[in-house]
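Some notes on the structure that comes next.
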Amino acid sequence: MSIRTIIVDDHCILRQGIKALLKEMKSVELVGEASNGIEFLSILRAQPADIVLMDINMPMMNGIDATREALKISPTLKIIVLSMYSDSNYYDTMIQLGVHGFLLKESNYNELQKAIESVVEGRPYFSQELLLNLLKEKKTIGKTIQLNEREKALLSQICKGFSTIEIAEKLHLSISSIEKLRSDLLQKTNSQNSTALAVFAIKNNLIDL
């Protein structure tokens, strides 16, 4: 079954570029494109979708409001934010709304495909360039959390976008052990998912990439 995808961005040239990349992916079907949140919601009401590639700053209705309304219409919709480096102030808000990934607008074919495959499989995705940008900013928010070496190793792998199976192989641990460690980390950092956990780790200087 094809992955039904919608592109939402107010820059026509960017949409055209993404469309060209999506056409090369046999598993993806482009079912709509919009230049703002209002157009997008109109499409979504008429056309079911699996994934949305969502810009943040748009006229008429921005990506934050569009995401909030879209998830009311389709709670299972997976949203990947099309991000610029300057969008980092919005990450916490978008994560709280329930987005599944952040993809740099300049990303190439391989990263776009990786992002789509990750969220379809239920794994959050975060462009490494965006994580590195957060690391440079180091917006420490003053929370002191003690992590052991195993937790630090897991955090590092999560931030690098590896799946549970891949992490288990790299750390020589069982999948159940990885899931338990991840659950403990989510609780310890008060993060709702792995994407939020990655951002928390970077902002609080818990790891180095």
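Observations, loosely collected:
- Any hit, the stretch 76-86, residues being outside any helix (DSSP H, G or I), without any contact (Cβ under 8 Å) to a residue 40 or more places away in the chain and open to solvent by 10 Å² or more (accessible area, probe 1.4 Å): yes
- Only residues that are within 25 Å of S2 (Cβ to Cβ), open to solvent by 30 Å² or more (accessible area, probe 1.4 Å) and part of a helix (DSSP H, G or I) were counted across the stretch 38-68, and they come to 5.
- Residue within the stretch 96-113 that is small (G, A, S) and touching a helix residue (DSSP H, G or I) at 6+ places or on another chain (Cβ under 7 Å) present: yes
- Selection of the stretch 191-209 for residues being under 18 Å from the mean Cα position of the chain (by Cα) and surrounded by fewer than 13 Cβ atoms within 10 Å (Cβ to Cβ) yields only Q192.
Residue-by-condition table, conditions (1) modelled with pLDDT under 85; (2) touching a Lys or Arg at 6+ places or on another chain (Cβ under 6 Å); (3) assigned to a helix (DSSP H, G or I):
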site: E151; (1), (2), (3): no, no, yes
site: F162; (1), (2), (3): yes, no, no
site: I167; (1), (2), (3): no, no, yes
site: D184; (1), (2), (3): no, no, yes
site: Q192; (1), (2), (3): yes, no, no
site: V199; (1), (2), (3): yes, no, yes
site: L206; (1), (2), (3): yes, no, no
site: L209; (1), (2), (3): yes, no, no
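- Enumeration of residues in the stretch 89-130 that are open to solvent by less than 50 Å² (accessible area, probe 1.4 Å) and either of a type in the set (K, R) or in a helix (DSSP H, G or I) (or both): Y91, M94, I95, L97, K105, E111, L112, A115, I116, S118, V119, L130
- Scanning the stretch 151-188 for residues that are hydroxyl-bearing (S, T, Y), open to solvent by less than 80 Å² (accessible area, probe 1.4 Å) and farther than 19 Å from Y125 by Cβ yields S174, S177, S183.
The values are calculated or read from the model by the stated rules, or taken from the named source; none is laboratory data. Predicted, not measured: the structure shown is a model, and the values here were computed from it. Here the Cβ is made from the backbone with ideal geometry for all residues, glycine too, and neighbour counts use every protein chain on show. Remember, those area values only see protein heavy atoms, side chains included, never the ligands or the DNA or RNA. Shrake-Rupley method; radii C 1.70, N 1.55, O 1.52, S 1.80 Å.
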